[in-house]
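S.K.: Please read through the structure below; I'll follow up with questions.
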Amino acid sequence: RRVEALLAEREDLAPIVQPMLAAWRGVRAQIAAFDKAIRALARASPTCRLLMSVPGIGVVSVLSYVSMVE
């Protein structure tokens, strides 16, 4: 939002930056969807839930470890 406000003053940069902002928003939406799917995978596995009870062990670490071991 702040970038868009700044672009209102700079019409020369708007055609360049606005497509990049749109792509960035799309990537953020995809990351959020993938993050939600990964968390659902980890929650569905009793092994992953047990390993995530260890402090400092998160979803990515658990899924990486479990996928390598299995």
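The values are calculated or read from the model by the stated rules, or taken from the named source; none is laboratory data. Model, not experiment: these values are computed from the prediction. In this analysis, Cβ positions are derived from the backbone assuming ideal geometry, glycine residues included, and neighbour counts consider all displayed protein chains. Side chains are part of the model used for accessible areas, which takes the heavy atoms of the whole protein and leaves out ligands, DNA and RNA. Shrake-Rupley method; radii C 1.70, N 1.55, O 1.52, S 1.80 Å.
S.K.: Just checking, how many residues over segment 40-53 are more than 13 Å from Y65 (Cα to Cα), within 20 Å of the chain's Cα centre (by Cα) and open to solvent by less than 100 Å² (accessible area, probe 1.4 Å)?
M.R.: 2
S.K.: Another question, if that's okay. For segment 1-60, how many residues are out of contact with any Asp or Glu (no Cβ under 8 Å at 6 or more places or on another chain), in contact (Cβ under 8 Å) with a residue 12 or more places away in the chain and aliphatic (A, V, I, L, M)?
M.R.: So the answer is 8.
S.K.: When the residues of segment 9-39 are narrowed to those that are open to solvent by 70 Å² or more (accessible area, probe 1.4 Å) and touching a helix residue (DSSP H, G or I) at 6+ places or on another chain (Cβ under 8 Å), which ends up nearest to V60 (Cα to Cα)?
M.R.: Across segment 9-39, the extreme among qualifying residues is R39.
S.K.: Among the numbered criteria (1) surrounded by 12 or more Cβ atoms within 10 Å (Cβ to Cβ); (2) in a helix (DSSP H, G or I), which single criterion is violated by I57?
M.R.: (2)
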